Amino acid sequence: MRKFVKLQDIDNVAIAVQPVKAGEAGPDGIVALRDIPQAHKIALKDIPAGGEIIRYGVCLGYAKEAIPQGDWINENMLDLPVPPALDDMVFGTKLAWNKPDVPVKTWMGYENPDGWYGGTRNLLGIHTTVQCVTGVLNVAVERIRRELLPLYPNVEGVVPINHAYGCGVAINAPEAKVPIRALRNLVHHPNFGGEVMCVALGCEKLTVDMLLDPEDNIPENVIMLQDIKGFDAMMDAILAMAKTKLEKLNQRRRVELPLDKLLVGMQCGGSDAFSGVSANPSAGYAADMLVAGGATVMFSEVTEVRDGVHIIGERCVNDEVGKKLAAEMRWYDNYLLNGEVDRSANPTPGNKKGGLSNIVEKAMGSIAKSGTSPIVEVLSPAERPSCHGMIYAATPASDIVCGPCQLASGIGLQVFMTGRGTPYGLAAAPVIKVCSRNEMKAQWEDLIDINAGPITTGEKTIQDVGTELFHKIINVASGVEQPFAEKYKLYNDLCIFNPAPIT
Ligand code: CA
């Protein structure tokens, strides 16, 4: 079993696969000068004050003071470099990619009336205009699950789209378009089968006609609580409408679909320094397999791409896509600036404990999940894709904000990489959890679906785990397997990204 991982020849650090004691031999006969925690960096060379600390072949930062060979390099010892410039980026210079063989070209999914991506699940989605209706809707949803769902065995669940938006917000602010777009696009999620059901209040700012398309805004699809006389009648109305929708959804059947009807999202959370060695590269390999087979895959998380944006830019298929990438990054730079922070606000205490010194190191690991294929499109938060292949969908990195944004973009399934561990899950689409290290899998045996840890220890290859993940994605999308988060119904709240003011 290997003890240290060095990724590129020019790297002047390696990371410890296991904790290392002071005096123990490191790589190339180097002796550790101090105890080095698992996943943390050892200096392979003497690094002078101001010298570059290089991992992934890129400069993670500059040494605040001289660092001797064998020393532990932690997050307090680096100055953050300036982020890559956005104005002089080059696009489309690296479009060649490692196209893997694709052993499976189809999956079993639900076709949708709009001909868009297929559903991975058959769910009744109930949409809301405003948080005020959530209490009533949740009571009704419990009754739907208990009293109605058993009568419709082909429907796999009921999902209330509860959110904190809808009133007390500056609905006409320019950036209000983001949450409104997210909620509007969720109505058309492929797992909801084209059935529209909306519970509204009656005096909210996000009116029904703002949420629904004109053809969907009909009495058969909308319940307005202020128009109903009392609680019992509200329950009756919601259950009666749910029954009509369930009857239609119950007619849906899985059919064999080509991979170009599959839309998969990827994100990471609770990352560590192994994430960029094992979990994210194997997700990237699976992404390359999916894209080679015709599927669409999206990755996100602006602050975790910002420091590797020049690498993503080279993979953009043309200037138009590249310029949108730069525009999304610029928008986020300004968004953070207005909040008087910058991208350095991203790494968490857990990230740092897991050996990630700063956002540059986190970003270089994060972008590995995008594989190697060309970036065919860039989306603003919660936009729907218009082409197939690898897509960059700009979203916040926060797990519980990225998730709903990707759902609004239409993902039928999310792959979630973690190093430190999170029980995260989504109600509207299954989430496959991939961990970066063996200890994580041992700790959460029954929460982690795929263990990429053996890549870190040298016992498996990225191709091994990437191929395993590809098959897991196909099986989960096809309803043959349930990932743990789905099995236990671990559903996080839908935190809709709202960069506009609240009033
Ligand atoms: Ca995340």
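The condition of being in contact with a Ser or Thr (Cβ under 8 Å, 6 or more places away or on another chain) and modelled with pLDDT of 95 or more holds for Ala393. The residue that is nearest to the ligand (Cβ to nearest atom), among those in region 257-275 that are open to solvent by less than 10 Å² (accessible area, probe 1.4 Å) and more than 16 Å from Gly403 (Cβ to Cβ), is Ser275.
Scanning region 282-304 for residues that are assigned to a strand (DSSP E or B) and under 23 Å from Thr461 (Cα atoms) yields a total of 2. Looking at the structure I just gave you, is Gly293 open to solvent by 10 Å² or more (accessible area, probe 1.4 Å), within 16 Å of the ligand (Cβ to nearest atom) and either more than 17 Å from Glu468 (Cβ to Cβ) or modelled with pLDDT of 95 or more (or both)? Taking the combined requirement at face value, the residue does not satisfy it.
Restricting region 145-184 to residues that are charged (D, E, K, R) and in contact with a Leu (Cβ under 9 Å, 6 or more places away or on another chain), which is surrounded by the fewest Cβ atoms within 10 Å (Cβ to Cβ)? Spell out the reasoning first.
The initial filter retains those residues of region 145-184 that are charged (D, E, K, R), namely 145-147, 156, 175, 177, 181, 184.
The next check asks that each one be in contact with a Leu (Cβ under 9 Å, 6 or more places away or on another chain); those that pass are 147, 156, 184.
Working: Glu147: 12, Glu156: 21, Arg184: 19.
Per the stated criteria, the residue is Glu147.
Collect the residues in region 96-131 that are of a type in the set (Ser, Thr, Tyr), more than 17 Å from Val255 (Cβ to Cβ) and in a loop (DSSP other than H, G, I, E, B), keeping them in residue-number order.
If the condition is that a residue be of a type in the set (Ser, Thr, Tyr), more than 17 Å from Val255 (Cβ to Cβ) and in a loop (DSSP other than H, G, I, E, B), then Thr129 is the only one that fits.
Being over 10 Å from Met266 (Cβ atoms) and within 11 Å of the ligand (Cβ to nearest atom) is the filter; apply it to region 403-416 and report the residue that is surrounded by the most Cβ atoms within 10 Å (Cβ to Cβ). Among residues in region 403-416 that are over 10 Å from Met266 (Cβ atoms) and within 11 Å of the ligand (Cβ to nearest atom), the one surrounded by the most Cβ atoms within 10 Å (Cβ to Cβ) is Cys405. One residue stands out among those in region 299-350 that are polar (S, T, N, Q) and under 19 Å from Cys405 (Cα atoms): the one that is nearest to the ligand (Cβ to nearest atom), which is Ser300.
Only a single item in (1) touching a helix residue (DSSP H, G or I) at 6+ places or on another chain (Cβ under 6 Å); (2) under 18 Å from Arg420 (Cβ atoms); (3) away from the ligand (no atom under 15 Å from the Cβ) is not met by Gly365, and it is number (3).
Kindly indicate which of Gly355, Gly389 is closer than 24 Å to Val82 by Cα, more than 16 Å from the ligand (Cβ to nearest atom) and open to solvent by less than 10 Å² (accessible area, probe 1.4 Å). Can you show your working first?
Values: Gly389 fails: closer than 24 Å to Val82 by Cα.
Exactly one residue qualifies, and that residue is Gly355.
For Val90, the requirement of being farther than 30 Å from Ile36 by Cβ, among the aliphatic types (A, V, I, L, M) and either part of a helix (DSSP H, G or I) or open to solvent by less than 60 Å² (accessible area, probe 1.4 Å) (or both) is not met.
The values are calculated or read from the model by the stated rules, or taken from the named source; none is laboratory data. Quick caveat, the model's predicted, so the values are computed rather than measured. Ideal geometry is used to build each Cβ from the backbone, glycine not excepted, and the neighbour counts take in all protein chains shown. Protein only, heavy atoms only, side chains kept; ligands, DNA and RNA dropped before computing areas. Shrake-Rupley method; radii C 1.70, N 1.55, O 1.52, S 1.80 Å.
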